[in-house]
């Protein structure tokens with residue numbers, strides 16, 4: 001027994017060769033393609049790259065939202081995400097590493113640590129859907145570093 | 001023992017509020033945001049929508065590539081993807097449905113069926129990474145339908 005709250009629908013349309021365009025119900029798009037070596041024209045990110053971006057956006061939004069509640073201010077925040085892709089089909093990621101990078105004055109590391117942990121262990125739905133080992137670390141720099 | 005073939009790196013940068021931009025190593029981007037009800041400004045697709053787009057792009061490229069080898073021509077191809085999102089955190093999809101829609105003259109349904117099956121069961125790396133029940137069906141229409 002489970003409760004479904006919402007039905008999410010997207011549409012992915014073939015454009016040409018390996019070029020596809022994803023569209024959300026609100027009309028937001030993501031362009032996907034692949035490299036010429038496998039028949040594409042490199043017009044957009046590869047689906048496996050888009051997957052890592054979805055993971056970054058998901059955990060990023062959690063972290064921003066939790067840090068706001070903790071009154072933790074930052075100037076810059078980005079996440080570098082690395083996936084080790086297997087040689088054999090299906091070419092899944094065997095392991096994913098996330099590096100949460102912050103810049104700002106007086107950012108409390110324990111708050112960031114807590115926010116990232118809450119996202120990875122409780123809130124991030126994309127993370128929870130990926131059956132793969134994930135590791136993460138946090139880097140905090142002052143504005144001039 | 002496993003062989004890692006390739007390291008994929010993306011960067012996801014916080015822009016403002018819930019607005020994030022993902023960038024691939026080749027510079028391709030995907031904009032993510034959320035709705036005003038949860039603090040966003042709806043400047044891009046939600047990460048959970050982007051996840052479904054990645055799934056569509058991945059299986060779509062497989063299917064195009066397999067159908068080309070089978071000399072199966074089509075005029076139009078799109079995939080509608082629906083995810084049933086859970087109410088409780090983490091708000092994962094409990095089930096995903098893919099509807100592969102083709103338009104064209106003389107498309108052999110058994111070829112399309114075979115291509116979709118091969119993608120879902122063997123090749124599609126995004127699909128293989130998502131620990132969720134997936135169902136699919138195929139619709140083939142003639143150009144004037």
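Can we say residue B:49 is over 24 Å from residue A:38 (Cα atoms), modelled with pLDDT of 95 or more, more than 8 Å from chain A (Cβ to nearest Cβ) and not in a strand (DSSP E or B)? No, not satisfied. Among the conditions (1) modelled with pLDDT of 95 or more; (2) surrounded by fewer than 21 Cβ atoms within 10 Å (Cβ to Cβ); (3) out of contact with any helix residue (DSSP H, G or I) (no Cβ under 8 Å at 6 or more places or on another chain); (4) within 7 Å of chain A (Cβ to nearest Cβ), the only one that residue B:87 does not satisfy is (1).
One line per residue, one yes/no per condition, for (1) surrounded by fewer than 17 Cβ atoms within 10 Å (Cβ to Cβ); (2) more than 7 Å from chain B (Cβ to nearest Cβ); (3) assigned to a strand (DSSP E or B):
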position: A:14; (1), (2), (3): no, no, yes
position: A:22; (1), (2), (3): no, no, yes
position: A:40; (1), (2), (3): no, yes, no
position: A:62; (1), (2), (3): no, yes, no
position: A:65; (1), (2), (3): no, no, no
position: A:72; (1), (2), (3): no, yes, no
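Restricting region A:24-38 to residues that are farther than 10 Å from residue B:49 by Cβ and assigned to a loop (DSSP other than H, G, I, E, B) leaves a set whose member that is nearest to the other protein chains (Cβ to nearest Cβ) is A:34. Given the condition under 15 Å from the mean Cα position of the chain (by Cα), free of Cβ contacts under 8 Å to residues at least 40 places away in the same chain and either facing another protein chain (nearest Cβ under 7 Å) or under 15 Å from residue A:13 (Cα atoms) (or both), answer yes or no: does some residue in region B:101-118 qualify? No, region B:101-118 has no match at all.
Only one of these conditions is not met by residue B:55: (1) under 23 Å from residue A:10 (Cα atoms); (2) free of Cβ contacts under 8 Å to residues at least 60 places away in the same chain; (3) buried (at least 21 other Cβ atoms within 10 Å of the Cβ). Which number is it? The one condition residue B:55 does not meet is (2). Checked against the criterion of being assigned to a strand (DSSP E or B), facing chain B (nearest Cβ under 7 Å) and either at pLDDT below 95 or surrounded by fewer than 17 Cβ atoms within 10 Å (Cβ to Cβ) (or both), the candidates A:78, A:6 yield just one match: A:6.
Listed residues B:126, B:116, B:92, B:112; which is out of contact with any strand residue (DSSP E or B) (no Cβ under 6 Å at 6 or more places or on another chain) and buried (at least 20 other Cβ atoms within 10 Å of the Cβ)?
Within the list B:126, B:116, B:92, B:112, the selection yields B:126.
The values are calculated or read from the model by the stated rules, or taken from the named source; none is laboratory data. Computed from a predicted structure; not experimentally measured. Heads up, the Cβs are rebuilt from the backbone with ideal geometry, glycines too, and the neighbour counts pull from every protein chain shown.
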